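Trainee: Structure provided below as structure tokens; questions to follow.
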Amino acid sequence: MRNRYACSIAALLGLAALSTVVFAQGGRGGGITAHNKANDNKAYDKHDLSGIWSRNGTPGGYGGGGTCRDCGDRGFSNDVPPFTPLGQKMFDANKPSYGRNLGSADANAHPEEAIGRRRAVPPANGTDPYQYCNPMGPTRALIYPDPMEMNVLPDKIMQQFEWGYAVRTIWTDGRKPLMDPDQQRWWGYSTGHWDGDTLAVITTGVDERTWVDHFGYPHSVDMILEERYRRTAYDVLELSMTITDPKIYTRPWVSETKKFRKLETKMGIKTVDGWGGLMEDVCAPADEVDNFNKRVRDPAGGVVH
Amino acid sequence: MKIKLLGLIVSSVTLLLVSIPAFAHHGTGVSYDQSKSYTIAGTVTITEFRYANPHPQLYFDVKDKDGKVTHWSGEIAPNAAQLQQIGWGKKRSEAALAPGTEVTLTIAPSRAGTPVGLINKIVNAKGEDVLGLGGNAFGPVPGEAEKGKQTKQ
């Protein structure tokens, strides 16, 4: 009998440990699995993407730091194309703090995962540009599982991300994509048009100091990012992305499908005062760089100022 | 016997689940060792609490048996936006963790061996859970705090 209990405990602990690892990676594939059946009969316009959307399926759709069971993959895709020599050099220079710990038994036990997911170092020893509140850039912001609001205007879509409280503009006024722009920008230059029931967005000129995702994958300023949004139910939005960047990757890189759930502001995000809407989740250097990094992040990583 | 074993299973699974290094804003989860989480009681005095991004911070003094005081820095996993969602606004949090307050802390220490830790649980002198961590550094699921569920990952 004792052995049976011992086996049960071991099995459960093993399962929990496995879950821990999976959750630490944000899980792969999957994401929000289904729409809410209560919304089955609600009418919606497939061309109306307005509202607050989140990849976080927890009640309220809010992760508060991107933590949730069912956010799906937190990387662009595990199926990474081979790098060019320049791409490899840039990848090696980026030292992320997400994924499995570099050199750990856990990392070594998962050779099926791309190396980008198995090389986390304490942020005190890393090179993540967001550690210093630099803008994330479009792919990383879209992948991060905190709410995102689409404000649809006649000539553009303003996409606002709760994390960082950042805004990017997707122009839908008919202008052509800006190829070879004079100046690269943190969020690049984006144009969008409808291709049937899919909103197709082309982005160019993204500052190459941004990372593709949390795992430190690089891109060049010549990257062409295509996003394809499809509203597949009243409360479900799907996004697939393709990066074409021959300076860095030897073939186009296609993301896994990212699923978002529509949030009802009144029922979803709100402060203790009942103030609904996106939270002001700003990365302010006065808080994060001058205080947190120096007083907590760095000493936690063994770097004492 | 069965009940004790069930309790052990539940608490063990819970412990493992809360060890998820999901520090999304700054990726500091990698800096702490959850397998060495422990509780400090009776010797912890808060010196400062910051309700700020990327994660709220608790600074506190720990006195050892010889009376020597060590100053610690602690990180709390739910960020301010998430604490707002579960009813722990800034004013309430700061009042509960005012300088001079004595608390019992459960922390996962830094892997570097420095006096820095991830705070998994805060209990005040009345035995009340503070910030809704309840042994889960990621806090309860928004909207379910009132039900006493603390399963946020």
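The values are calculated or read from the model by the stated rules, or taken from the named source; none is laboratory data. Predicted model, so just to flag it, every value in this text is computed and none were measured. Note that we place each Cβ from the backbone using ideal geometry, even for glycine, and neighbour counts take in every protein chain shown. Accessible surface is based on the protein model in full, side chains and every heavy atom, while ligands, DNA and RNA are left aside. Shrake-Rupley method; radii C 1.70, N 1.55, O 1.52, S 1.80 Å.
Trainee: Restricting the stretch A:278-292 to residues that are more than 8 Å from chain B (Cβ to nearest Cβ) and over 26 Å from residue A:149 (Cβ atoms), which is surrounded by the most Cβ atoms within 10 Å (Cβ to Cβ)?
Mentor: Out of the qualifying residues, it is A:289.
Trainee: I'm trying to understand the selection: among the residues of the stretch B:66-83, which are outside any strand (DSSP E or B), of a type in the set (A, V, I, L, M, F, W, C) and without any contact (Cβ under 8 Å) to a residue 60 or more places away in the chain?
Mentor: Matches in the stretch B:66-83: B:80, B:81, B:83.
Trainee: Can you tell me which residue in the stretch A:265-277 is least open to solvent (accessible area, probe 1.4 Å), limited to those that are among the β-branched types (Val, Ile, Thr) and closer than 18 Å to residue A:146 by Cα?
Mentor: Of everything passing the filter in the stretch A:265-277, A:269 is least open to solvent (accessible area, probe 1.4 Å).
Trainee: Sort out which residues of the stretch A:153-194 are farther than 30 Å from residue B:84 by Cα and outside any loop (DSSP other than H, G, I, E, B), and write them in order of number.
Mentor: A:156, A:170, A:171, A:185, A:189, A:190, A:191, A:192, A:193, A:194
Trainee: Taking the stretch B:105-135 as the search range and keeping residues that are facing chain A (nearest Cβ under 10 Å) and of a type outside the set (A, V, I, L, M), which one is most open to solvent (accessible area, probe 1.4 Å)?
Mentor: Here the residue is B:111.
Trainee: Residue check: is residue B:77 modelled with pLDDT of 90 or more and not charged (D, E, K, R)?
Mentor: Judged against the criteria, residue B:77 is not a match.
Trainee: Quick one: which residue in B:57, B:85 is of a type outside the set (D, E, K, R) and modelled with pLDDT of 95 or more?
Mentor: Of B:57, B:85, the one residue that is of a type outside the set (D, E, K, R) and modelled with pLDDT of 95 or more is B:57.
Trainee: May I pose another question? Inside the stretch A:72-107, can you point out the residues that are open to solvent by 10 Å² or more (accessible area, probe 1.4 Å) and in a helix (DSSP H, G or I)?
Mentor: A:85, A:86, A:88, A:89, A:90, A:92, A:93, A:105, A:106
Trainee: When you scan the stretch A:233-242, do you find a residue that is open to solvent by 10 Å² or more (accessible area, probe 1.4 Å), of a type in the set (Phe, Trp, Tyr) and away from chain B (no Cβ under 14 Å), even just one?
Mentor: yes
Trainee: Based on this model, can you work out whether residue A:249 counts as open to solvent by less than 20 Å² (accessible area, probe 1.4 Å), away from every other protein chain (no Cβ under 14 Å) and of a type in the set (Ser, Thr, Tyr)?
Mentor: Taking the combined requirement at face value, the residue satisfies it.
Trainee: Another question about this same structure. Mind counting the residues in the stretch A:111-133 that are surrounded by 16 or more Cβ atoms within 10 Å (Cβ to Cβ) and in a loop (DSSP other than H, G, I, E, B)?
Mentor: Counting residues in the stretch A:111-133 that are surrounded by 16 or more Cβ atoms within 10 Å (Cβ to Cβ) and in a loop (DSSP other than H, G, I, E, B) gives 8.
Trainee: Find the residue count for the stretch B:50-77, including only residues that are more than 12 Å from chain A (Cβ to nearest Cβ) and either of a type outside the set (A, V, I, L, M) or open to solvent by 50 Å² or more (accessible area, probe 1.4 Å) (or both).
Mentor: Number satisfying all stated conditions: 10.
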